[in-house]
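The values are calculated or read from the model by the stated rules, or taken from the named source; none is laboratory data. What you see is a predicted model; the values in this text were computed from it and never measured. Because the Cβ atoms are built from the backbone with ideal geometry, glycine has one as well, and the counts that use them run over all protein chains shown. Just so you know, the surface numbers come from the protein's heavy atoms only, side chains and all, with ligands and any DNA or RNA stripped out. Shrake-Rupley method; radii C 1.70, N 1.55, O 1.52, S 1.80 Å.
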Amino acid sequence: MKKFLTTENLTIFAILSGIGFGVFLPELALKQEIIGQVFLALLKMLIVPLIFASIFVAIVNLGSAEALKNIGSKAFLYYFSTTALAVFLGLIVVNIFNPGVSLNIIPPKTAPEVATFSIEQFILGFVPTNIIQSLANGSIIQIIIFTILLAIATLHTQENYRNNLINFFSALNETMMVLAQWIIKLTPIGVFSLISFVIAEKGIENLTSLWLYFVTVVVALLLHAMITLPTLLYFFTKVSPIRYFSQVKEAVLLAFSTASSSATLPVSIEVSQKKGGVSKKSAGFILPLGATVNMDGTALYESIAVIFIANLAGVDLTISQQVLIFITATLASIGAAGIPGAGIVMMVIVLDTVGLPHEYISIILVVDRILDMFRTAINVWGDLIGAKILDKIIQKQF
Ligand code: ASP
């Protein structure tokens with residue numbers, strides 16, 4: 001019995017019963033939002049110190065800027081190629097299902113408020129001007145850049161200074177992991193609350209008119225998760241994807257429940273090391289970076305949503321326009337933050353490149369939160385597989 005009552009099993013039970021609770025007792029489900037919010041806040045509390053410490057420790061363990069360059073370039077190759085494969089798959093599946101072709105939905109006159117995008121801002125957004133401010137704002141990508149530079153600089157200082165910093169960050173890292181383990185124990189309660197609230201608030205009846213669109217996205221995401229990524233995992237590591245999934249599934253389930261790769265990060269780091277057998281230096285470097293940069297699910301989703309919108313608007317996209325979508329969807333997913341709804345904000349860039357009106361975003365917004373849960377689960381699964389593959393490559397080299 002005790003063996004059965006693991007956090008993972010309880011989390012699966014929490015997801016299923018949370019859906020039931022949200023459908024049948026929506027008023028109650030709406031009232032208990034605070035429980036899920038507290039759980040999310042506790043997870044978010046860990047993110048900044050954990051990223052800071054884990055990236056620092058991972059890089060000093062790698063030992064040199066040379067080694068970092070080596071693994072960093074491989075990580076980016078992995079991120080980029082799996083994202084591209086995901087977008088490609090999305091484009092194929094949406095062209096087969098054509099979910100928008102026979103639908104007749106008129107968009108509202110006004111477009112939803114969405115942030116504008118400029119490439120200059122995008123690039124500047126990576127560079128911290130004031131690290132204290134970046135830490136306070138939780139600007140993850142800026143924290144990552146600063147920590148990478150700090151860790152490399154540390155490797156160039158005198159031994160006593162170097163050791164002081166390494167001891168400090170190693171201690172912080174270990175302590176944050178202990179804290180993470182405590183908070184992880186609350187996952188079933190937090191997940192139950194989050195899921196039942198979302199279902200009660202968004203209502204599953206909204207899915208009816210957009211069901212084919214919904215199914216198209218979910219089928220494409222599942223194909224990527226169950227065929228493309230596991231094939232890569234097996235090819236590079238000879239590890240059974242089913243076995244690896246069962247070891248790290250807690251992080252994937254949490255990603256599904258929170259729709260946030262960043263909030264899931266403490267759990268991804270913990271389970272990949274403790275259960276999935278990924279080394280500390282790989283998990284500590286690849287997972288934080290992947291949580292913001294590597295989003296296969298989001299990229300795939302962007303490509304499907306844009307083609308769906310084109311179909312709704314009665315616009316026939318040429319092959320060269322689809323190639324443009326391929327490129328911008330990949331870039332948009334890199335720029336998206338690991339928080340709920342980030343993908344839909346970045347969608348504006350993809351719509352703009354092929355000249356589609358923003359008003360149509362309102363239509364897909366109705367089902368976005370539920371689809372966000374699916375795509376975030378795939379984002380995190382992609383990161384976890386990346387960590388395992390790159391870990392294997394590092395082990396071979398060092
Ligand atoms: N919610 C996603 C994530 O955190 C990003 C998105 O909106 O697609 O990974």
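Here are the numbers for the structure shown:
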{"quantity": "Cα pair distances of segment 279-398 binned at 5 Å [whole percent]", "calculated": "2, 12, 21, 20, 15, 11, 8, 5, 4, 2, 0"}
{"quantity": "Listed pairs LYS202/LYS274; LYS69/LYS280; LYS69/LYS185 exceeding 28 Å between Cα atoms", "calculated": "LYS202/LYS274; LYS69/LYS185"}
{"quantity": "Percent accessible area from carbon and sulfur atoms, the chain, protein chains only, probe 1.4 Å", "calculated": "68"}
{"quantity": "Contact order normalised by residue count of the chain, Cα under 8 Å, 6+ apart, percent", "calculated": "31"}
{"quantity": "Difference of contour (0.36 nm per residue) and Cα-Cα distance, ILE35 to VAL366", "calculated": "116.7 nm"}
{"quantity": "Inter-site label distance for MET45 and ASN104 at 7 Å from Cα along Cβ, in nm", "calculated": "5.5"}
{"quantity": "Euclidean distance between Cα centres, segment 286-301 to segment 135-159, Å", "calculated": "21"}
{"quantity": "On Cα atoms only, tilt of 361-397 relative to the major axis of the chain in degrees", "calculated": "30"}
{"quantity": "Angle between the chain longest axis and helix 187-202 axis [Cα atoms, degrees, rounded to 10]", "calculated": "20"}
{"quantity": "Farthest positive-ward along segment 174-322 dipole, Cα basis, beta-carbon charges - from SER279, TYR244, LEU300", "calculated": "SER279"}
{"quantity": "Pairs of alpha carbons in the chain whose separation is greater than 41 Å (percent)", "calculated": "12"}
{"quantity": "For the chain, calculated [θ]222 nm from helices alone, where every DSSP H run of n ≥ 4 adds -39500 (n - 2.57)", "calculated": "-26000 deg cm²/dmol"}
{"quantity": "Percent breakdown of C-alpha pair distances by 10 Å bin, ordered from the shortest bin, for segment 1-105", "calculated": "10, 17, 20, 33, 16, 3"}
{"quantity": "Equivalent ellipsoid semi-axes, segment 202-324, via Cα gyration tensor eigenvalues times 5, rooted, Å", "calculated": "31, 17, 14"}
{"quantity": "Over segment 327-398: Rg over Rh, Cα atoms, Kirkwood Rh", "calculated": "1.13"}
{"quantity": "Proximal lysines to LYS74, defined as alpha-carbon separation beneath 17 angstrom and excluding residues fewer than eight positions away on the same chain", "calculated": "LYS281, LYS388, LYS392, LYS396"}
{"quantity": "Label point distance in nm, GLN395-ASN137, each placed 7 Å from Cα along Cα→Cβ", "calculated": "4.0"}
{"quantity": "With Cα atoms, 0 to 90° folded angle of helix 296-312 axis to the chain main axis", "calculated": "20"}
{"quantity": "For segment 28-78, the fraction of alpha-carbon pairs in successive 5 Å shells from zero, as %", "calculated": "5, 16, 14, 14, 12, 9, 9, 8, 7, 4, 2, 0"}
{"quantity": "Approximate spin-label separation LEU165-SER17, in nm, with each point projected 7 Å along Cα-to-Cβ", "calculated": "4.9"}
{"quantity": "Segment 111-267: Rg to Rh, with Rh as the Kirkwood radius over Cα pairs", "calculated": "1.04"}
